[in-house]
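What follows is a set of notes on a single structure, which appears directly below.
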Amino acid sequence: MWDLTRDHLPLHLTSLACRYGNIYRLNCGNTTMVVLSSSDIIREALVKKWSDFAGRPHSYTGDIVSGGGRSVSLGDYTEEWRTHRRLAHSALQRCVTESLQSVIQEQAVHLRQVLLDYKETPVDLSEDFTVAASNVITTLAFGKAYEKSSVELQRLQGCLNEIVSLWGSPWISALDSFPLLRKLPNPPFSRLLKEVARRDDLIRGHIEEFKTRGSENSITLTASLLKCLEPADTKTKATALTHVHVHMATVDLLIGGTETTAAWLCWAVAFLLHRPEVQNRVYEELCTVLEGRYPQYSDRHRLPYLRAVISEVLRLRPVAPLAVPHKAIRHSSIAGYFIPKNTVIIPNLFGAHHDPTVWKDPFSFRPERFLEGNGASLRSLLPFGGGARLCLGESVAKMELFLFTAYLLRDFQFQTADGSLPDLRGVATVVLKAKPFKVIARPRAE
Ligand code: HEM
């Protein structure tokens, strides 16, 4: 148990892998966990044997934050979950095809203005990145974006962040392993219950407001999901989804799609401050290829160095460093070891991305590694997990990382505030975040 309360758990689990190998077992209360720390082993479990390891462990506190296990991210692998994921995925893909690029570009232009308004004063950009990422998701979901100062946005983000950080805290996870503790007063747990109730009120409010605006025919996630509440079979009146599913899919996309993208943008700026020559090389590539215009997502094929920078930041700082725990839904094996049903599997993506047998000089920021060789290294990059539980927002995230980074680096040169470089170790809860740092965004000459 103590092992799981370290301040940088991914780094700690990776150092255990150096001692015990890329597959080892941890006992936590009455739960057995198997930690996987190489790309090959993670692929074997998540992709090759996906149907054995597609489950999610059931937990007392997980049920509380996921509407009784009815979210896409925490729901166990059942027929109901498969329908939920399939419908949420097709609703999202429809938005990706129809509107995602213009939604991101609008937010990138807005972010540009925010940075210009700072007039080269040193600022912490993490909140602006959160607003941009959150606005992409709220526009896809409800057709609505918010100003940073908006009370509605602050309430929603404040509440979602609080839930993620409380749920990751040892005071709360102890309740899963030691049921007797549930009988004792636990102020963080009471706060969690309050925040979950607040979250549900806010999301319900958004969905109701969306309905009263009469936007049910728009191309938004909520419109597509609400359609799934209409009976598919008029005789039995059976519907594919319930209101709880629509509600929890919205929560999934807001939680999954905001802090991850925002944290990644902070990491990209942090690494580029450490290596200004990389930043300049991306700028030169953008100038040559775009000839002054703003990027489209289709330009990515002609911007290999920018793509390499994005991959390298994803490698060094996979923002969901331990993915989300999986569960063996039947007896199986991984790397020749027997894995009994119900074993919890932790895909240590951070460890796999620092495996010295795959990555030369694994702790260095070296985007060029993705331009060398035959692309084999891209196969070992697993920032979005894989198989049945592959990140639902992978295509949204990839377009966001590309367009936000391209827009930012086309227009600004990022410089340290007073010569002090950001810390690159970070703080790991569910999301791996950079410690707060200030940066100057200097506009590039037109
Ligand atoms: C840099 C950005 C992102 C990264 C690195 C990332 C990474 C991940 C990872 C590693 C998982 C767990 C996979 C597993 O359990 O094996 C995950 C799950 C998930 N992500 Fe993302 N993600 C990102 C952005 C997004 C976005 C933008 C959305 C929504 C629009 C999203 C929604 C989800 C959802 C709903 C799940 C749960 C999937 C399931 O359990 O079936 N993520 N993500």
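Coordinate-derived values only; no laboratory data. The model shown is predicted, which means the values in this text are computed figures rather than measured ones. Note that each Cβ is placed from the backbone with ideal geometry, even for glycine, and that neighbours are counted across all protein chains shown.
Identify, among 81, 308, 157, the residue whose Cα sits farthest towards the positive end of the charge dipole of the stretch 2-443, taking +1 on the Cβ of Lys and Arg and -1 on the Cβ of Asp and Glu, with the dipole about the Cα centre. Sorting the options by dipole projection puts first 81. Computed 3J(HN,Hα) for the stretch 155-164, one whole-Hz value per residue from the Karplus formula 6.51 cos²θ - 1.76 cosθ + 1.60 where θ = phi - 60°, is 4, 5, 5, x, 5, 5, 5, 4, 5, 4, glycine and proline marked x. Residue by residue, the stretch 171-178 carries 3J(HN,Hα) couplings of 4, 8, 5, 4, 5, 6, 8, 10 Hz when phi is fed to the Karplus relation 6.51 cos²θ - 1.76 cosθ + 1.60 (θ = phi - 60°); x denotes Gly or Pro. The lysines whose alpha-carbon is closer than 21 Å to the alpha-carbon of residue 144, local same-chain residues fewer than 8 away aside, are 211, 227. Computed over Cα pairs, the Kirkwood radius of the stretch 2-443 leads via Stokes-Einstein (1.306 mPa s, 10 °C) to a diffusion coefficient of 70 µm² per second.
Considering only 428, 289, 130, and ranking their Cα positions along the charge dipole of the chain that arises from unit charges at the beta-carbon of Lys, Arg, Asp and Glu, the one farthest toward the positive end is 428.
Loop-located chymotrypsin sites (Phe, Trp or Tyr not before Pro) in the stretch 242-345 (DSSP state other than H, G, I, E, B) with a sparse environment of at most 11 neighbouring Cβ atoms within 10 Å are absent.
Rounded to 0.05, the FRET efficiency of the residue 98 and residue 360 pair, given R0 = 51 Å and the Cβ-Cβ distance, is 0.75.
Could you work out the Kirkwood radius for the stretch 253-410, taking every pair of different alpha carbons, averaging 1/r and inverting it, reported in Å?
17.1
Listing 171, 50 from fewest to most neighbouring C-beta atoms within 10 Å gives 171, 50.
Please report, in whole Å³, the volume per residue of the convex hull around the C-alpha atoms of the stretch 140-253.
It is 136 Å³ per residue.
Please identify the GluC sites (Glu not before Pro) of the stretch 272-364 that satisfy two criteria: DSSP loop assignment and at most 11 other Cβ atoms within 10 Å. Which are they?
Counting only loop positions with at most 11 other Cβ atoms within 10 Å, the GluC sites (Glu not before Pro) in the stretch 272-364 are 291.
3J(HN,Hα) along the stretch 93-103: 4, 4, 5, 4, 5, 7, 9, 4, 4, 5, 5 Hz, from the Karplus curve 6.51 cos²θ - 1.76 cosθ + 1.60 with θ = phi - 60°, whole Hz, x for Gly and Pro.
Entry note, the chain: relative contact order of 28 percent, from Cα contacts under 8 Å with a spacing of 6+ residues.
Between 37, 336, 206, the Cα set farthest toward the positive side of the dipole of the stretch 2-443 (charges on each charged residue's Cβ, about the Cα centre) is that of 336. Can you grab the distance from the C-alpha centre of the stretch 94-163 to the C-alpha centre of the stretch 313-357, Å, no decimals? Each part reduced to its Cα centre gives a spacing of 32 Å.
When the Cα atoms of the stretch 332-427 are aligned to their principal axes, the ranges along those axes come out at 53, 33, 30 Å in descending order.
Each Lys and Arg adds +1 at its Cβ and each Asp and Glu adds -1 at its Cβ; summed about the Cα centre, the chain shows a dipole of about 1000 debye. If you model the stretch 175-329 as an ellipsoid using its alpha carbon gyration tensor, with each semi-axis the square root of five times an eigenvalue, the axes come out at 40, 28, 16 Å, biggest first.
Any idea what the dipole of the stretch 101-228 comes to, in debye rounded to 20, about its Cα centre with Lys/Arg Cβ at +1 and Asp/Glu Cβ at -1?
480
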